[in-house]
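Engineer: To start, I am sharing the structure in question, which I have written as structure tokens.
The values are calculated or read from the model by the stated rules, or taken from the named source; none is laboratory data. In this text, all values refer to a predicted model and were calculated from it rather than measured experimentally. In this analysis, Cβ positions are derived from the backbone assuming ideal geometry, glycine residues included, and neighbour counts consider all displayed protein chains. Side chains included, ligands, DNA and RNA excluded: accessible areas come from the protein's heavy atoms. Shrake-Rupley method; radii C 1.70, N 1.55, O 1.52, S 1.80 Å.
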Amino acid sequence: MKKFVMAALGGTLAGVIATTQIAGPLIAQETASKATVYEQLDLFGDVFERIRAQYVTEVDEGDLIEAAIKGMMASLDPHSSYLPPKDFDDMQVQTHGEFGGLGIEVTQEDGFVKVVSPMDGTPADAAGVEAGDFITHVDGESLLGLDLNEAVDLMRGPIGSEIIITVVRKGKDEPFDISIIRDTIKLTAVRSRTEGQTVVLRVTTFNDQTYANLKSNLEKSVEEVGGMDKVNGFVIDLRNNPGGLLTQAIKVSDAFLESGEIVSTRGRTPQDGDRFNATPGDLAQGKPVVVLINGGSASASEIVAGALKDHRRAVVVGTKSFGKGSVQTIMPVKGGGAMRLTTARYYTPSGRSIQGLGVSPDIIVEQPQQNPDKDAIDGQRPTFRSEADLRDALNNDSYTEEERRQIEEERAKAEEAAKLREEDAQLAYAVDLLKGLSALAPKDQ
């Protein structure tokens, strides 16, 4: 019994010694780390005091602190930033779909402001700003060295005032200026139209109106076509959609899925992660879906495209998307401002991160440049388009008048579709793809 007790005590003593030997260095490391942080804070205080006391002109202490916070946030990644009270208020207004400005979503790359995408129907869109453009100057003032918020501030101004931005564009040898008149930006989150039996849903942004707009526009267009039985499919156009609210991206994805994962997020620790799943109910009732994307499709747009692609619910057509695979959380702070902090990465249902890579389309379709000389070239060609145009061609008397009328109507529809190819080759491809899928479906569907 004594031996047992001694053995137990010996084991306990050994455990205490081992614990002390292991925990001692860890505590020492933690203490050293805290000491280093305090030293750095002392350094900051020293620099702050010297600037305040000895800088060539008097500086505002609040401005110094705000600049330090902005610099700290900007050092993390292109999407983390500090929002002073006014910027925070502007951001809250934007999520409701109306604000003043140019109508472009921007990020920062290599010290310059890069256009993620111009928003449909905005001054920037009308002036010809394109996704991928680099803005180097605003009204002659260089943006190099400014953080993103400072650059955006330079672009803001009274509604109706003119701004001249200097742009560097791939394929252009020299920078060039674009004049834009500032205006109130009223974003219609979703617009719809029909192309034959195809319903086209143009989603321009993901604000708090997006899902409701999509649902109402879809139902309205289906009714115009003559009911779901008459619809051959849906096109979800996400081109140049810079993203927005994660919650709305989940709702839009869920609108076309019956079950399964939509997106997952992974933060710094496992408990920071989350997973979002679809619920039963498909607004398209199983009809084929084509999603259009391009280099201006970012963030929430990529969540939708990735979810529908991974579940084989949609064919993705166009060009590679932007590749923003991180989640920003808005955190209000003292003084009425806020932090926009990157807190997680998001992953498509297949477990793939699109950060820096983007969503690759199933079918790559480039948008060709318009050919201004096309009409001139066509005007030099013979005007014979068919056998019927030839002199003394034989008449076809094997059809009734009703059959002829149907043939002419079908021809008119085909010619209308051909016009769409000239206006928007990517959308025309999506519409033609749905026509092809419809032609292969059993007749009773």
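Engineer: Out of the range 222-233, which residues are closer than 29 Å to LEU246 by Cβ and in contact with a Leu (Cβ under 8 Å, 6 or more places away or on another chain)?
Structural biologist: The one that is closer than 29 Å to LEU246 by Cβ and in contact with a Leu (Cβ under 8 Å, 6 or more places away or on another chain): GLY233.
Engineer: Restricting the search to the range 190-206, which residues are within 16 Å of ALA255 (Cα to Cα) and open to solvent by less than 10 Å² (accessible area, probe 1.4 Å)?
Structural biologist: Passing the criteria: VAL190, VAL199, VAL200, LEU201, VAL203, PHE206.
Engineer: Pairs, please: C-beta under 9 Å, at least 6 apart or cross-chain, first residue within 18 Å of VAL203 (Cα to Cα) and in the range 119-130, second assigned to a loop (DSSP other than H, G, I, E, B) and open to solvent by 60 Å² or more (accessible area, probe 1.4 Å)?
Structural biologist: Final answer for the pair search is ASP120/THR188; GLY121/THR188.
Engineer: Scan the range 268-295 residue by residue and report those that are surrounded by 23 or more Cβ atoms within 10 Å (Cβ to Cβ) and closer than 16 Å to GLY325 by Cβ.
Structural biologist: ILE293
Engineer: If I ask for residues that are surrounded by 15 or more Cβ atoms within 10 Å (Cβ to Cβ), of a type outside the set (Gly, Ala, Ser) and part of a helix (DSSP H, G or I), which ones from the range 65-82 would you list?
Structural biologist: Hits for the range 65-82 are GLU66, ILE69, LYS70, MET73.
Engineer: Let me confirm something: among ILE180, ILE159, ILE185, ILE164, which residue is on the phi < 0 side of the Ramachandran plot, in contact (Cβ under 8 Å) with a residue 24 or more places away in the chain, assigned to a strand (DSSP E or B) and surrounded by fewer than 18 Cβ atoms within 10 Å (Cβ to Cβ)?
Structural biologist: Criteria check complete, one pass: ILE164.
Quick grid of which residues meet (1) closer than 30 Å to ALA127 by Cα; (2) modelled with pLDDT under 95:
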| residue | (1), (2) |
| --- | --- |
| GLU162 | yes, yes |
| ILE185 | yes, yes |
| VAL203 | yes, no |
| ASP208 | yes, yes |
| TYR211 | yes, no |
| LYS215 | no, no |
| VAL222 | no, no |
| GLY244 | yes, yes |
| GLN248 | yes, no |
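Engineer: Of all residues in the range 215-261, how many are within 21 Å of GLY358 (Cα to Cα), assigned to a strand (DSSP E or B), open to solvent by less than 30 Å² (accessible area, probe 1.4 Å) and of a type in the set (Gly, Ala, Ser)?
Structural biologist: Going through the range 215-261 one residue at a time, the tally reaches 0.
Engineer: Looking at the range 220-245 only, could you name the residues that are in contact (Cβ under 8 Å) with a residue 60 or more places away in the chain and either over 26 Å from ILE364 (Cα atoms) or among the polar types (S, T, N, Q) (or both)?
Structural biologist: Passing the criteria: ASN232, ASN240, ASN241, LEU245.
Engineer: Go through (1) open to solvent by less than 10 Å² (accessible area, probe 1.4 Å); (2) in a helix (DSSP H, G or I); (3) polar (S, T, N, Q) one by one and return the number of the condition SER264 breaks.
Structural biologist: The failed condition is (2).
Engineer: Restricting attention to strands (runs of 3 or more DSSP E) lying wholly within the range 310-360, give those where 3 or more residues are closer than 30 Å to ASP424 by Cβ.
Structural biologist: 314-318
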